[in-house]
Each structure stands twice: as structure tokens, then as C-alpha cells.
Amino acid sequence: MSTKRIAKVHFTHTIHHLIPPTSPHTHTTNQIIQEFASASQSPPPGFTIALPPNDSIHTWHVVLSPPPESPYHPGRYGILLSLPVDYPFKPPAVRFITRLYHPNITNDSLGNICLAVLKPENWKPSTKIVAVLEAVRNLLIEPQPDDPLEDRIADEYKSDRAAWENKVKMHVAKYAMEEPTFPAVTS
């Protein structure tokens, strides 16, 4: 058995202790476990994925290091991904815990994201978390100012790109140059 296969078996065996065998959400939880195992062992480029200290499989701690072509590079951004008990039939909640200056992300400590794939009317149960993470990374490469959460930032992005980029760089320096600190997770 390969080392990677042994690690996956060990991980899956270790994480299964969190689920009561008669849990009504066993199928959903098994899918989340499989997605976590795959995503954490082979994450999309620029991502690291972990569970919080309490091992809640429904909450993922994700760190994104945007690629050099992104104005958010070389920052490190914490993303809190929360999976509802009825996942994959409902989309995950995804928010930045690291502040950033972006038209599609609230410019506050909430870090809410406007991303088409996460809107309930667009969500498809076949969508994998890795695809969601890739969409988030793409948003940091190419913002979508025509579907903003922050109208003022979107207007600036469209009308004065240099000023927008300067504010992005100031936010990177102020908020994103250290390892993200995730909030405590309660079960």
C-alpha cells in the first residue's frame, strides 16, 4: 500500500470517530469526510486546508496565498468554510477572516463573499468544495465589479484602477502579511 493511501486510510479512520454510527447525517458527513481528505491532501494551488482544533468536520480552516498575478499577493488570507448539515443540497458558507479591499467581499470584519456559485439559486449539489475554493482564488485574480457587495470599491475598480490597486496593497500590508488567526469554533 502506498504511503499516500496509508495516510488517507489513517485519516479516514481517525475522522470517522467523530460520527455516531447511527447519525441521520451519516451519508452527508461521509461525503464531507471524503471531500476533506481529498482537498487537504491535494489542495488547489495556493491553498492549505485544515480542521479546527475541535476537529469539526463541518468547519474548515483554509489559508489562501494568491498567485503573483493577483494584486493580493503576497498576502495570506484566512477563509472560514462552514458546511451545513444538509450539504451538498445547500451551499457552504464561505467568508474571509482576513480583511481585504475587494468589490465582492464586504470591507469589514465579516468578510462575506459575493460569489455566483454560492448563491442558493445557482448552487448544484454536484459542486465540490475544491471548485468553490478555485472560484474564490479566481475572484482574487479577477474581481467581478458588476456583481459587487461593495459598490464604492467596484466603482473605484472600474474608474480608477491605480487608486484601487494602491488601497489593495495597503490592506495587504496592514492585514495579510501574517499567518491568519481563526476564531474559536464551538460544536
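The values are calculated or read from the model by the stated rules, or taken from the named source; none is laboratory data. All values derive from a computational prediction rather than experimental measurement. Counting neighbours? That spans all protein chains shown, and the Cβs are built from the backbone with ideal geometry, glycine included. To get the accessible areas, we keep the full protein, side chains included, count just its heavy atoms, and leave off ligands, DNA and RNA. Shrake-Rupley method; radii C 1.70, N 1.55, O 1.52, S 1.80 Å.
Within the stretch 52-68, if we keep just the residues that are at pLDDT 95 or above and outside any strand (DSSP E or B), the residue that is least open to solvent (accessible area, probe 1.4 Å) turns out to be PRO66. Counting only helices (runs of 4 or more DSSP H) wholly contained in the stretch 128-187, the ones carrying 1 or more residues that are open to solvent by 60 Å² or more (accessible area, probe 1.4 Å) and touching a residue at least 60 places away in the same chain (Cβ under 8 Å) occupy 129-141, 161-175. ILE79 satisfies every condition listed in (1) at pLDDT 95 or above; (2) open to solvent by 10 Å² or more (accessible area, probe 1.4 Å); (3) of a type in the set (Val, Ile, Thr) except (2). Cβ-Cβ distances below 8 Å connect the following pairs, each with a first residue in the stretch 63-83 that is under 15 Å from LEU115 (Cβ atoms) and among the aliphatic types (A, V, I, L, M), a second residue that is at pLDDT below 95 and open to solvent by 40 Å² or more (accessible area, probe 1.4 Å), and a separation of six or more residues or different chains: LEU80/PHE182; LEU80/PRO183.
Selection within the stretch 90-127: residues that are small (Gly, Ala, Ser) and open to solvent by 40 Å² or more (accessible area, probe 1.4 Å). The member of this set that is nearest to THR59 (Cα to Cα) is ALA93.
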